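The values are calculated or read from the model by the stated rules, or taken from the named source; none is laboratory data. Everything numeric here is computed off the predicted structure, so don't read it as measured data. When we count neighbours, we look across all protein chains shown, and the Cβ atoms used for this are built from the backbone with ideal geometry, even at glycine. SASA here: full protein model, heavy atoms, side chains in, ligands and nucleic acids out. Shrake-Rupley method; radii C 1.70, N 1.55, O 1.52, S 1.80 Å.
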Amino acid sequence: GNARIMRARSLLAVGWFRRLRSVAASHRAGKRHHPRIRMKIEKDRVVRFHYAVAEAGQEAVENSKDGGQPLAILFGHGNIIPGLEKAMDGREAGDSFKASVAAADAYGERREGLGQRIPKKHFGAQKLAPGMQVVLRTNFGRRAVTIEKVGMSVVYVDLKHPMAGKDLEFDIEIVEVREASAEELAHGHVHGDGGHHH
Ligand code: ZN
C-alpha cells in the first residue's frame, strides 16, 4: 500500500472535514474586508465557519477557535457530515446556532472488527503511541484511525472513525458565505483561507 500518514490535527478533518492548515501571516494581514452581503448558504457556495463539537451532553472535544481559523467548505459537496450540512442550509453570515446530529447522520454507527495491521514504514519517522489518532490516506480517501499497538514492524490500528457511533452536538458560527469560483467547483473544495492550498 501507499498509505500516507499524518498527524490528525482535527478529528473532524477526516472523511468529511478537510484538514486545516495554518495561513501565512502575510495572508492574514492582507485580508480584504468585504461589503456585507446577506447571502444564504446553498449548494455551490463557500461557507467559512467556526465550530465546537461535543459528544451529546459532554464537553467539547474540538473547537476551531483554538486554532484561530474558521473551517471553509464547499457546501453541497460532501465536505462535511450530512447532518451538519442539513443544519447549515439556508443560514447566513453572522448566524450562530446549535445543531444536534445523530450518529447515523454523522460518522455512522460503530462497527466492530475494523482492526488492521499496517507496515511501520508507512508511518515515517513519526513517534507512535497507543491511543494516538492519525490520518491515513487510503484507496477510499482519508481515514482517521486510532493506534492500538505498536509492534516491531507493524502498527495495529483501529479503522473506526473516533466519533463513529456517537451523537454529536455542534456550536456553529457562520463567518462568511460567498460564491465559489469555477476552479473550486471543479475541484470540489475551497481554496485559500481555511481550505486547500495547492
Ligand atoms: Zn483544489
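In this structure, Ser96 does not qualify as within 16 Å of the ligand (Cβ to nearest atom) and surrounded by fewer than 17 Cβ atoms within 10 Å (Cβ to Cβ). Can you tell me which residue in segment 172-190 is nearest to the ligand (Cβ to nearest atom), limited to those that are within 15 Å of the chain's Cα centre (by Cα) and of a type outside the set (Val, Ile, Thr)? It comes out as His189.
Residue count for segment 17-70 satisfying the condition of being modelled with pLDDT under 85, open to solvent by 40 Å² or more (accessible area, probe 1.4 Å) and over 23 Å from Ala104 (Cα atoms): 19. Looking only at residues of segment 71-87 that are of a type in the set (Gly, Ala, Ser) and within 20 Å of Ala103 (Cα to Cα), we find that the one that is surrounded by the fewest Cβ atoms within 10 Å (Cβ to Cβ) is Gly78. With respect to the conditions (1) within 16 Å of the ligand (Cβ to nearest atom); (2) crowded, with 18+ Cβ neighbours inside 10 Å, Gln133 lacks only one, and its number is (1). What residue, among those in segment 101-117 that are of a type in the set (Gly, Ala, Ser) and surrounded by 13 or more Cβ atoms within 10 Å (Cβ to Cβ), is nearest to Tyr51 (Cα to Cα)? Checked segment 101-117; the qualifying residue nearest to Tyr51 (Cα to Cα) is Ala106.
Among the residues of segment 69-112, those identified as under 16 Å from Ile174 (Cβ atoms) and in a strand (DSSP E or B) are Leu71, Ala72, Ile73, Leu74, Glu92, Ser96, Phe97, Lys98, Ala99.
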